[in-house]
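Presented below is the structure to which this report refers.
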Amino acid sequence: MSKLKTSKFGLGLAAGAMALGLSTAGIAAEHASGFNGIGKNITDKAIEPWDISVFYDGENLPKGSGTVEAGQEPYDTQCAMCHGAFGEGAEGYPKMAGDPMPQFITSLKQGLDGVGNRGVNNAWGHAPTLFDMIKRHMPFYAPGTMGVDESYAVTCYVLNLANIVDYEFTCSNETLADVKMPAADYYVTDTRPDTDNQRCMSDCYDYEPKVVGAAVTGVSE
Amino acid sequence: MSETTLDQTPQSDAREGVASSDRRKFLRKSVALAASGAAAAAAGNAYAGDVKLETVTEPLKDGPTRNILGRGVVSVPYGMPSKFEKNVVRRNVSWLTADTVASISFTPWQDLNGIITPNGLHFERHHAGAVDVDPETHQLVIHGMVDKPMVFSMEDLKRMPSHTAIHFLECPANGAMEWRGVQMDSMQFTHGMMSCSEWTGVKLTDLMEYVGVDPKSTWLYAEATDGSALQRSIPMEGAKDQFGEPIKASDCELYKDAMIAYAQNGEALRPENGYPIRFLLPGCEANMSIKWLRRIKFVDKPLVTYQETRHYIEPLPDGTIRQFSFLNMANSVINYPCPDNQMKGKGSYEIRGIAWSGQGKIAHVDVSVDGGKNWQEAELVEPVLSKCVTKFKLPFEWNGDEHLIMSRATDETGYVQPTLAQMRKVRGTNSIYHKNSIQAWKIEKTGEVKNVQIENF
């Protein structure tokens, strides 16, 4: 607005008045969506290379397959250094196989540490998701570089390490959705709020507060 | 309040009479601020007694900057903080993650005085490192259940009607190291996985109208162009989870606040925060605000991605695993005093802190200085905005006693920030995420301020 003012009153030139006229026409345009002429249409074919996301139920799994056996070599050379030869994790990187589901659930119920022992066998609902994740995000240092069949094979090898499929199993766009993940039935969608604190202002409790400080200091470094 | 606290300190014993009349004035003012006078007295937030001040007799001397020339303009083309502020930086905790590429850093809220996080201090969370995406070639694709699948350049996005709003972003792991007990000795690490910025971009709903989203579409998902190609599913009206259970209606409205952001506090997004564009879903766990955004697809079911099945889940003590916990609920913390900002002698202080809620505006913040037995309502500092950090403050007189200080936020939905005991009761100690319980700091007689937990409150 201030620019228009300068043109009109400060300069008082024909060009200024013209600019004002043009802008007004633009602003007054009827049916202006704010989007007229912006962007490009694109065909599904052109999008295909990016349209890689696999749904939990296996929809959009790319055509291909790989056996547990075929997954061993690529796992040992491209994955084991971080996730351990047996999926036990290495150098602080995540485990492939954590606590078996019953033990994981017991830890939750008894307040024992369970989160450090998460893995494919206790905190993954759907095998197609595992394929999707490995294909897009692993190996960590060169994400997205494995082929489709190799990704199926490595996925199968990881599923076998986690005791979810037999050694004879073949992972493919046809079989993966039927692999039952141990955690599949344990998921529940958020129903919070799960606490109901009240805005008490005075004499909110009458016992001694049990104050606990840090067991060790200097852990922030 | 500074007016009240600054002009009340007695200058010397000779002004005793003045001091005590001022003292009454002070008490009246702070009582007026408190929810109830009785609560104020009981809470121990009363006049600390006359504090004897030191007297300066040495004549003042010029400092080293008085007789020299300083730097010329643009000697620092992109300005940096004073060299004396070099401690005000993002930090990480080395033992939290195996490397810094799939890791997190924390905002130093202990050193910030407003609601905005300077861009260089915004917390970072990457799953495959921060990447440098060229805006000249970057494209955003929108497809799926739409009339017109489309692709947009950065120039295209900047031509569109813009939307600006101030919102916090919070990693739901904020506070996660404290479920089992006290670990961290800095508020940077107890609450620093949250930052707040002014964001500018294009409203998702505007784009939806333009590409013509099919009303039968109940979910969308957003995907990044980094090495993790991070992707998250976002519900819309009528969304159901993978078991066919409906997503709660209020969560199905969250997308209406979303934008495709290209600016952060007025300048381009920082690479660490998603340059050149990111998805921004206010109020929700920040993992959903996909950085380095390249694709949005409209669909009719959730993907249930790696992030949704393995990372951002809460294993609960009833043996279930909670998924799709989108919202960050009301939270607050005192950042002055705190373990990083200790007491420096008796007398007047202003307790200050920050509060935020993913459900809307902050309605009240109450402060206790006696471990939660009694509370006083703090003053909220304008602006008070939805899904945004709100600053609060309350005058405090410290007479050298021990105190357990804490803040409690209530948001406009009436939700009250829970106590730690309430939170542990429903979540156990394995749920990692969304720990928004009341934080206690202990002021020691020495003036040291420590991170503590009150196990039975």
Scan the stretch B:147-167 and give yes if some residue there is outside any loop (DSSP other than H, G, I, E, B) and at positive phi, otherwise no. no
Where residues in the stretch B:371-411 are among the hydroxyl-bearing types (S, T, Y) and either within 27 Å of B:A421 (Cβ to Cβ) or within 11 Å of chain A (Cβ to nearest Cβ) (or both), which of them is nearest to the chain's Cα centre (by Cα)? B:T390
Filter the stretch A:64-90 down to the residues that are over 19 Å from A:F169 (Cβ atoms) and of a type in the set (V, I, T) and list them by number. A:T77
Restricting to the stretch A:21-58, name every residue that is at pLDDT 95 or above and facing chain B (nearest Cβ under 7 Å). A:F35, A:I38, A:G39, A:K40, A:N41, A:I42, A:D44, A:I47, A:W50, A:S53, A:F55, A:Y56
List the number of the failed condition for B:K216; all other conditions in (1) in contact with a strand residue (DSSP E or B) (Cβ under 9 Å, 6 or more places away or on another chain); (2) touching a residue at least 40 places away in the same chain (Cβ under 8 Å) hold. (1)
Given the condition buried (at least 24 other Cβ atoms within 10 Å of the Cβ) and within 11 Å of chain B (Cβ to nearest Cβ), answer yes or no: does some residue in the stretch A:61-83 qualify? yes
Scanning the stretch B:296-346 for residues that are among the acidic types (D, E) and in the same structural domain as B:V151 (by TED's automatic domain parsing) gives B:D300, B:E308, B:E314, B:D318
Would you mind finding the one in A:L130, A:L108, A:L112 that is surrounded by 20 or more Cβ atoms within 10 Å (Cβ to Cβ), more than 17 Å from the chain's Cα centre (by Cα) and within 9 Å of chain B (Cβ to nearest Cβ)? A:L108
Unique residue being at pLDDT 95 or above and either farther than 21 Å from B:L281 by Cα or within 14 Å of chain A (Cβ to nearest Cβ) (or both) when the list is B:L112, B:L121, B:L169: B:L112
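This table checks each residue for (1) within 14 Å of another protein chain (Cβ to nearest Cβ); (2) in contact (Cβ under 8 Å) with a residue 40 or more places away in the chain.
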| residue | (1), (2) |
| --- | --- |
| B:S197 | no, yes |
| B:T200 | no, yes |
| B:Y210 | yes, yes |
| B:G238 | no, no |
| B:D241 | yes, yes |
Would you confirm, using the coordinates I've provided, whether B:S431 is in a loop (DSSP other than H, G, I, E, B), under 14 Å from B:W356 (Cα atoms) and within 10 Å of another protein chain (Cβ to nearest Cβ)? no
Considering residues that are surrounded by fewer than 22 Cβ atoms within 10 Å (Cβ to Cβ), closer than 26 Å to B:Q323 by Cα and touching a residue at least 60 places away in the same chain (Cβ under 8 Å), the number found within the stretch B:255-271 is 1
What tally of residues in the stretch A:168-218 results from selecting those that are facing chain B (nearest Cβ under 9 Å), farther than 29 Å from B:I234 by Cα and in contact with a helix residue (DSSP H, G or I) (Cβ under 7 Å, 6 or more places away or on another chain)? 2
Please go through the stretch A:173-201 and give me each residue that is surrounded by fewer than 18 Cβ atoms within 10 Å (Cβ to Cβ) and of a type in the set (S, T, Y), ordered by number. A:T175, A:T191
(1) among the β-branched types (V, I, T); (2) surrounded by 24 or more Cβ atoms within 10 Å (Cβ to Cβ); (3) part of a loop (DSSP other than H, G, I, E, B): which one isn't true of A:V158, the others all being true? (3)
Spans of strands (runs of 3 or more DSSP E) in the stretch B:296-409 with at least 2 residues out of contact with any Leu (no Cβ under 8 Å at 6 or more places or on another chain), buried (at least 20 other Cβ atoms within 10 Å of the Cβ) and in contact (Cβ under 8 Å) with a residue 60 or more places away in the chain: B:331-336, B:347-356, B:390-398
Return only the number of the condition from (1) over 26 Å from the mean Cα position of the chain (by Cα); (2) within 8 Å of chain A (Cβ to nearest Cβ); (3) over 30 Å from A:G144 (Cα atoms); (4) not basic (K, R) that B:S186 does not satisfy. (1)
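Okay, residues lined up against (1) in contact with a helix residue (DSSP H, G or I) (Cβ under 9 Å, 6 or more places away or on another chain); (2) more than 10 Å from chain A (Cβ to nearest Cβ); (3) on the phi < 0 side of the Ramachandran plot; (4) of a type in the set (G, A, S):
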residue	(1), (2), (3), (4)
B:N287	yes, yes, yes, no
B:I290	no, yes, yes, no
B:I296	yes, yes, yes, no
B:K301	no, no, yes, no
B:P315	yes, no, yes, no
B:C338	yes, yes, yes, no
Residue check: is B:L112 aliphatic (A, V, I, L, M) and out of contact with any Asp or Glu (no Cβ under 9 Å at 6 or more places or on another chain)? yes
Considering the stretch B:101-137, residues that are part of a strand (DSSP E or B) and touching a residue at least 40 places away in the same chain (Cβ under 8 Å), and then whichever is farthest from B:V88 (Cα to Cα), we arrive at B:H126
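The values are calculated or read from the model by the stated rules, or taken from the named source; none is laboratory data. Everything quoted here is computed from the prediction, not taken from an experiment. Note that each Cβ is placed from the backbone with ideal geometry, even for glycine, and that neighbours are counted across all protein chains shown.
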